[in-house]
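Read through the structure below, which is laid out as structure tokens, and then see the notes.
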């Protein structure tokens, strides 16, 4: 089977034009086939403030009401996604920017209301890997933002780390998939005070014990949890890494079961 | 050759959710292959106002500065395009939302500065019809907004009527292309005071004499001018019509050379 590289890039890299350009240059140099999945960055918050919208929080969780969703669609699917596509095209990568509604590729339902109504947030039900593969087969490089849809006309805000994991799983039968969560450090850190000391490898057991003893940063948990799901779903390799090790994985953190 | 239907839908229909839904229902019922191209509507102006941006005009022409372009990309490529895609998917059309940067399909240059610097406005140089056809061949229905790019990383605001014309021309060797400019009337009106009386057919000569005697609405001129270009570029049929005659063309205005 061919190797398919899937790179997820987080919000902090998106916020910094110089770092984003480095990331896109590194991504352009990866051999096809490849997929980029990106988070949102802080522009959505800035736009909400400019528009005078209130950020709605319940128990520290952000609630996606209709106005917030509009902003997310405008920023993630519009500004961020299409700017990345234009930049990748300028470097020679034949990018095509997508939400989960495009081609009905990422099908979700509005998260069921339990204690909290998160609003217009999508829980993913199905990813149509065959349609992604068809785009790749005819020469396109898919670039996904973190918006899905409910197949009834409603777009839904969705976690980008989760999208990366489920997209990777949907292609595991067609390719040897390598999924890399790319962020501002070289890998998962032993300690936030020492950004040069990365952990070589994290097993599922180590991950759970790190959660229990509080030694893992809260922001890392969704990446590792989604990474473990990806491995369980047949993805060949999952790593947490920085821009510099998109190719070599030196210093990166490999996730294993 | 197969017939390819290309429908361009204007801003006023986009602004009205009920009319837009009627249009999308009618579009869904058209047999494949088909392409939708949409204008922007007034949301971009509303968002600019909410953000406190000034609309910059020179000699009655709107200037696209960097802030204005950001708004156009957010609204046209984000909110409007992806809402249309999600709605079409809910009706059963396998829509995929695109700018001209996606797949490097619509290549433009920033309009050269003559007397006026229009800013980040694209003059189209080339449309890659083969890449559009590839998307159609693997089962997608392209939905274009009016954003192109310069292949150097810059997105550009572009006239939607022109995009419809050049996209249609780019596919004229592969299909019998029927291009319909769909708007709020059934066709070109003899007089704005009598919206039921449409002109059956407009030749290039009649079009120019209507411009000369001032009997044509200013908003109609780009549609007809782009429609005539489309016919000269090999498009089989060009019409100006309303939602009700997307299929039958009764009362619609046919353009001819």
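Among the numbered criteria (1) under 20 Å from residue B:119 (Cβ atoms); (2) away from every other protein chain (no Cβ under 12 Å); (3) surrounded by 16 or more Cβ atoms within 10 Å (Cβ to Cβ), which one does residue B:48 miss?
(2)
Applying the selection to the range A:28-53, what residues are under 16 Å from residue A:145 (Cα atoms) and at pLDDT 95 or above?
Within the range A:28-53, A:34, A:35, A:36, A:37, A:38 meet the criteria.
If only one of B:16, B:21 is under 28 Å from residue A:67 (Cβ atoms) and without any contact (Cβ under 8 Å) to a residue 60 or more places away in the chain, which one is it?
One residue alone meets the criteria, B:16.
Scanning the range A:149-168 for residues that are touching a helix residue (DSSP H, G or I) at 6+ places or on another chain (Cβ under 7 Å) and free of Cβ contacts under 8 Å to residues at least 60 places away in the same chain, which turns out nearest to residue A:98 (Cα to Cα)?
It comes out as A:149.
Identify all residues within the range A:176-189 that are surrounded by 20 or more Cβ atoms within 10 Å (Cβ to Cβ) and within 28 Å of residue A:128 (Cβ to Cβ); write none if there are none.
Those that are surrounded by 20 or more Cβ atoms within 10 Å (Cβ to Cβ) and within 28 Å of residue A:128 (Cβ to Cβ): A:177, A:179, A:180, A:181, A:182, A:183.
Might you let me know whether the range B:158-175 holds any residue that is surrounded by 22 or more Cβ atoms within 10 Å (Cβ to Cβ), within 14 Å of chain A (Cβ to nearest Cβ) and closer than 23 Å to residue A:28 by Cα?
No; the residues of the range B:158-175 include none that is surrounded by 22 or more Cβ atoms within 10 Å (Cβ to Cβ), within 14 Å of chain A (Cβ to nearest Cβ) and closer than 23 Å to residue A:28 by Cα.
Take the conditions closer than 19 Å to residue A:67 by Cα, surrounded by 18 or more Cβ atoms within 10 Å (Cβ to Cβ) and either under 17 Å from the mean Cα position of the chain (by Cα) or without any contact (Cβ under 8 Å) to a residue 12 or more places away in the chain (or both) and apply them to residue B:86. Does it pass?
yes
For the range A:69-81, state whether one or more residues are more than 10 Å from chain B (Cβ to nearest Cβ), on the phi < 0 side of the Ramachandran plot and out of contact with any helix residue (DSSP H, G or I) (no Cβ under 8 Å at 6 or more places or on another chain).
So far as the range A:69-81 goes, no, none of its residues is more than 10 Å from chain B (Cβ to nearest Cβ), on the phi < 0 side of the Ramachandran plot and out of contact with any helix residue (DSSP H, G or I) (no Cβ under 8 Å at 6 or more places or on another chain).
Every residue in the range A:86-120 that is facing chain B (nearest Cβ under 7 Å) and over 27 Å from residue A:20 (Cβ atoms), please.
Hit for the range A:86-120 is A:104, nothing else.
Under 6 Å between Cβ atoms, at least 6 apart or on separate chains: pull out the pairs that start in the range A:135-147 with a residue that is at the interface with another protein chain (Cβ under 9 Å from one of its Cβ atoms) and end on any residue that is surrounded by fewer than 21 Cβ atoms within 10 Å (Cβ to Cβ) and assigned to a helix (DSSP H, G or I).
Between residues of the range A:135-147 that are at the interface with another protein chain (Cβ under 9 Å from one of its Cβ atoms) and residues that are surrounded by fewer than 21 Cβ atoms within 10 Å (Cβ to Cβ) and assigned to a helix (DSSP H, G or I), the close pairs are A:138/B:134.
Might you check whether a residue that is under 28 Å from residue B:61 (Cα atoms), surrounded by 17 or more Cβ atoms within 10 Å (Cβ to Cβ) and modelled with pLDDT under 90 occurs anywhere in the range B:225-242?
no
The values are calculated or read from the model by the stated rules, or taken from the named source; none is laboratory data. The structure displayed is predicted, hence computed values, not measured ones. Glycine also receives a Cβ, built like all others from the backbone with ideal geometry; neighbour counts cover every protein chain displayed.
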